[in-house]
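Here's the structure we're looking at; comments come further down.
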Amino acid sequence: MAKYLDRFKKAGVNVLVVTQAKPAVLAMFLRRHPQPVPLVADPDRVVYKEFGLERAGVLSFARPDVLLKYLWLMLRGWLVRLPYPGEDVRQLGGDFLLNRAGNVVYAYRSWVPT
C-alpha cells in the first residue's frame, strides 16, 4: 500500500489502517516500524464486524495456495511468530473506500488468511 500512497494523496484519498492489535502492542510496533499512514487499534474487532469481515475456517490454512504463500514469504526471510495475546490469526481483513458521506464505494473482503 505504501508504494501507492502518492497516488492516493493526489486523488484526495486519506488512508486509515485498522488493526486488531491491543493499543500497547500497536504502540510498540509503531515505535519499531513508523508508518506513513495512521493506524488505530481495534482489539475488540468492532470495525471488522461493522464491515462484515469474517473469521477464516480452521482448514483454510491447509489450502495449497495459502501454504505456498506462507512458504514463499518464509523463503524471503519472513519469520513465523506466535500470535500476541488476544490476536485472532483467523480474523480476515479487507480494504474499503468510503466517500465523504461515509458510504462504502468499494469493498474487498479477504476470504483466505494470506
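Round to the nearest 10 and report in Å² the accessible area of K22, as given by a 1.4 Å probe over the protein chains' heavy atoms.
Rounded to the nearest 10, the figure is 100 Å².
Could you state the angle between the C-alpha long axis of helix 64-75 and the longest principal axis of the C-alpha atoms of the chain, as a value from 0 to 90 degrees rounded to the nearest 10?
With rounding to tens, the tilt is 90 degrees.
Not counting ligands, DNA or RNA, and with a 1.4 Å probe, what is F96's accessible surface area in Å² rounded to the nearest 10?
50
In nm, to one decimal, how far is the modelled label at V13 from the one at Y84, with both set 7 Å along Cα→Cβ?
That separation, rounded to one decimal, is 2.6 nm.
If you count only protein heavy atoms with a 1.4 Å probe, what accessible area per residue comes out for the chain, rounded to a whole Å²?
Ligands and nucleic acids excluded, the result is 78 Å² per residue.
Can you give the charge dipole size of region 44-114 about its Cα centre, rounded to the nearest 20 debye, using +1 on the beta carbon of Lys and Arg and -1 on the beta carbon of Asp and Glu?
140
In region 54-69, whose amide N lies under 17 Å from the spot 7 Å out along Cα-to-Cβ of Q91? List them in ranges.
54-58
Answer with one residue from V105, Y70, L92: the one whose Cα lies farthest towards the positive end of the charge dipole of region 69-114, charges on Cβ with Lys, Arg +1 and Asp, Glu -1.
Highest projection toward the positive end goes to Y70.
If you add up the charges near K22, with Lys and Arg at +1 and Asp and Glu at -1, over every other residue whose beta carbon is less than 15 angstrom from its beta carbon, what do you get?
In short, -2.
Taking only the alpha-carbon positions of the chain and ignoring solvent, what does the Debye formula give for the base-10 log of I(q)/I(0) at q = 0.11, 0.20, 0.23 Å⁻¹?
Log10 of I(q)/I(0), two decimals: -0.44, -1.42, -1.51.
The values are calculated or read from the model by the stated rules, or taken from the named source; none is laboratory data. Owing to the predicted nature of the structure, the values given are computational and were not obtained by experimental measurement. As a convention, Cβ positions derive from the backbone with ideal geometry for all residues, glycine included, and neighbour counts pool all protein chains shown. For the accessible areas, the whole protein counts, side chains as well, though only heavy atoms, and no ligand, DNA or RNA atoms are used. Shrake-Rupley method; radii C 1.70, N 1.55, O 1.52, S 1.80 Å.
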